[in-house]
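I have placed the structure first, in the form of structure tokens, so that the comments after it can refer back to it.
The values are calculated or read from the model by the stated rules, or taken from the named source; none is laboratory data. Here the structure is a predicted model, which is why all the values come from computation and not from measurement. Cβ coordinates were reconstructed from backbone atoms using ideal geometry, including for glycine residues, and neighbour counts include every protein chain displayed.
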Amino acid sequence: MLLLLSSAISAFAQDSLHVRQLGIYGPPGFAWAVAVSGNYAYVADNQSGLRVVDITNPSSPVEAGFYDTPGYAQGVAVSGNYAYVADGGSGLRVVNITNPSSPVEAGFYDTPGDAYGVAVSGNYAYVADNQSGLRVVNITNPSSPVEAGFYSTPGWAIGVAVSGNYAYVADDYMGLRVVNITNPSSPVSAGFYDTPGHAVDVAVSGNYAYVVDYNYGLRVVNITNPAAPWEVGFYDTPGWAEGVAVSGNYAYVADGYRGLRVVNITNPSSPVEVGFCNTPGYAWGVAVDGCRAYVANEVYLGIYDISYFAPCPATKPQRPDSLIIQYLPETQDFLLDWVPVLQDTAGLPIEVDYYVVLRGNSTDVLDSLGVPVPPDTTVFIDSTAFDAGARFFYQVKAVKN
């Protein structure tokens, strides 16, 4: 058993750096994009529509429900009680996810092109509509979304991100287009940066847009002046960059057959890869929530531990298992021993600073008997101090400061 486990860890280590797979879910279709909100991941599953996956236990994600959109679900964004699906061939579908086990369509707007990506900000959904550019859809009434305005980009709008008064469109062979959306009914071009290849997705953080440019990797574009964005740095990922998410000082790239790549962007002029996981399948899209990354890996959704870069909130220590008391005749001592719980349900480590061992004549009044520090999980008790027939209650608590 130990030898087998050791071999598995060694094999995995060759295909990863600072990233660990926690669990996978195999949807029925073609996992293209993913968004995360609370305890659920929402997967745009191409021909199989929207799949809602319960990620409460990341090591064992399960489908909670689904809504089979009429077209090809290629992008998804979540805001409040609704998932907004870019549904190739049938436009924007607004799905009520109040009951995750039974999502239902609230309304739709059939865009004129091939809805590919979507972002939501306030009362508007911004749809990257491929050959029909950027479509701005008013979603104030989810049951009756209507187009407020549009901007016909010169290329093929594939991905979109929104920050402040601007929408940033990954416009395929025409690079990054910056669109002023101050007036949603009349969006206008503000500026552009022509990336070297085919811009397919974009994320925005602070003064930078992070564009994945298919076979030219991650491009970092300064957008301080929206009228004249310029590239300040790049990292050419080893695969075909398809999707990107940014959190803190890191960009997470869905890199096709080269899986998930983690790029440190602390210095925007010199981004550098600091972690990866060669996920099986083809990585199309990625979302990050706290210390976990969610990758739409073609035939499944993969959940990955990225706590090396974004530490998870401390998991509350759990009370030890299997508290045992045994008598040692050779020393006339009692040995109090317990088994610590050192991993949560996802297999992530639980840290314990010390234990508190308590004893009393009843469960209501307990006094401290000792404070052992891990890895020590034992306390010796002198039995000669006991009166005949004495009865005691013992309790062990795990403590993390």
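Given the criteria among the hydroxyl-bearing types (Ser, Thr, Tyr), at pLDDT 95 or above and surrounded by fewer than 24 Cβ atoms within 10 Å (Cβ to Cβ), does SER37 qualify?
On the way: among the hydroxyl-bearing types (Ser, Thr, Tyr): yes; at pLDDT 95 or above: yes; surrounded by fewer than 24 Cβ atoms within 10 Å (Cβ to Cβ): yes.
It is true that SER37 is among the hydroxyl-bearing types (Ser, Thr, Tyr), at pLDDT 95 or above and surrounded by fewer than 24 Cβ atoms within 10 Å (Cβ to Cβ).
Kindly list the number of the only condition in (1) assigned by TED's automatic domain parsing to the domain that holds GLU242; (2) under 28 Å from ILE24 (Cβ atoms); (3) in a loop (DSSP other than H, G, I, E, B); (4) of a type in the set (Gly, Ala, Ser) that fails for SER270.
Just one mismatch for SER270, condition (2).
For the structure I just gave you, tell me whether VAL373 is outside the structural domain of VAL62 (by TED's automatic domain parsing), surrounded by 14 or more Cβ atoms within 10 Å (Cβ to Cβ) and in a loop (DSSP other than H, G, I, E, B). First the steps, then the outcome.
Numbers: outside the structural domain of VAL62 (by TED's automatic domain parsing): yes; surrounded by 14 or more Cβ atoms within 10 Å (Cβ to Cβ): no; in a loop (DSSP other than H, G, I, E, B): yes.
No; evaluated as a whole, the condition is false for this residue.
Which residue, of GLY133, GLY80, is surrounded by fewer than 23 Cβ atoms within 10 Å (Cβ to Cβ), without any contact (Cβ under 8 Å) to a residue 60 or more places away in the chain and assigned by TED's automatic domain parsing to the domain that holds SER185? Break it down stepwise before answering.
Details: GLY133 fails: surrounded by fewer than 23 Cβ atoms within 10 Å (Cβ to Cβ).
Just one listed residue meets the conditions, GLY80.
Answer yes or no: is there a residue in the range 109-117 that is within 21 Å of ALA199 (Cα to Cα) and surrounded by fewer than 23 Cβ atoms within 10 Å (Cβ to Cβ).
So the first thing to find is which residues in the range 109-117 are within 21 Å of ALA199 (Cα to Cα), and the list is 113-117.
Narrowing further to those that are surrounded by fewer than 23 Cβ atoms within 10 Å (Cβ to Cβ): 113-114.
Among the residues of the range 109-117, at least one is within 21 Å of ALA199 (Cα to Cα) and surrounded by fewer than 23 Cβ atoms within 10 Å (Cβ to Cβ), which makes the answer yes.
I'd like the full set of residues that are over 14 Å from ARG177 (Cα atoms) and either touching a His at 6+ places or on another chain (Cβ under 6 Å) or without any contact (Cβ under 8 Å) to a residue 24 or more places away in the chain (or both), limited to the range 136-152. Break it down into steps so the answer makes sense when it comes.
Restricting attention to the range 136-152, the residues satisfying the condition of being over 14 Å from ARG177 (Cα atoms) are 136-149.
THR140, the sole residue that qualifies.
Consider VAL120 carefully, then state whether it is buried (at least 24 other Cβ atoms within 10 Å of the Cβ), assigned to a strand (DSSP E or B) and either of a type in the set (Val, Ile, Thr) or on the phi > 0 side of the Ramachandran plot (or both).
On the way: buried (at least 24 other Cβ atoms within 10 Å of the Cβ): no; assigned to a strand (DSSP E or B): yes; either of a type in the set (Val, Ile, Thr) or on the phi > 0 side of the Ramachandran plot (or both): yes.
So VAL120 does not fit the description; no.
Going through the range 163-190 one residue at a time, which ones are in contact (Cβ under 8 Å) with a residue 40 or more places away in the chain, among the hydroxyl-bearing types (Ser, Thr, Tyr) and part of a loop (DSSP other than H, G, I, E, B)?
Listed by number, the list holds a single entry, SER185.
Taking TYR193 as the residue in question, decide whether it is under 27 Å from the mean Cα position of the chain (by Cα) and touching a residue at least 24 places away in the same chain (Cβ under 8 Å). Give the steps one after another, and end with the answer.
On the way: under 27 Å from the mean Cα position of the chain (by Cα): no; touching a residue at least 24 places away in the same chain (Cβ under 8 Å): yes.
Spelling it out, it is not the case that TYR193 is under 27 Å from the mean Cα position of the chain (by Cα) and touching a residue at least 24 places away in the same chain (Cβ under 8 Å).
Would it be correct to say that PRO229 is modelled with pLDDT of 95 or more and within 20 Å of THR153 (Cα to Cα)? Can you show your working first?
Working: modelled with pLDDT of 95 or more: yes; within 20 Å of THR153 (Cα to Cα): yes.
Yes: the conditions hold for PRO229.
Looking at ASP387 and the list (1) surrounded by 11 or more Cβ atoms within 10 Å (Cβ to Cβ); (2) of a type in the set (Asp, Glu); (3) more than 24 Å from the chain's Cα centre (by Cα); (4) assigned to a loop (DSSP other than H, G, I, E, B), which single condition is not satisfied?
(1)
Which condition from (1) under 30 Å from VAL34 (Cβ atoms); (2) part of a loop (DSSP other than H, G, I, E, B) is the one that VAL341 breaks?
(1)
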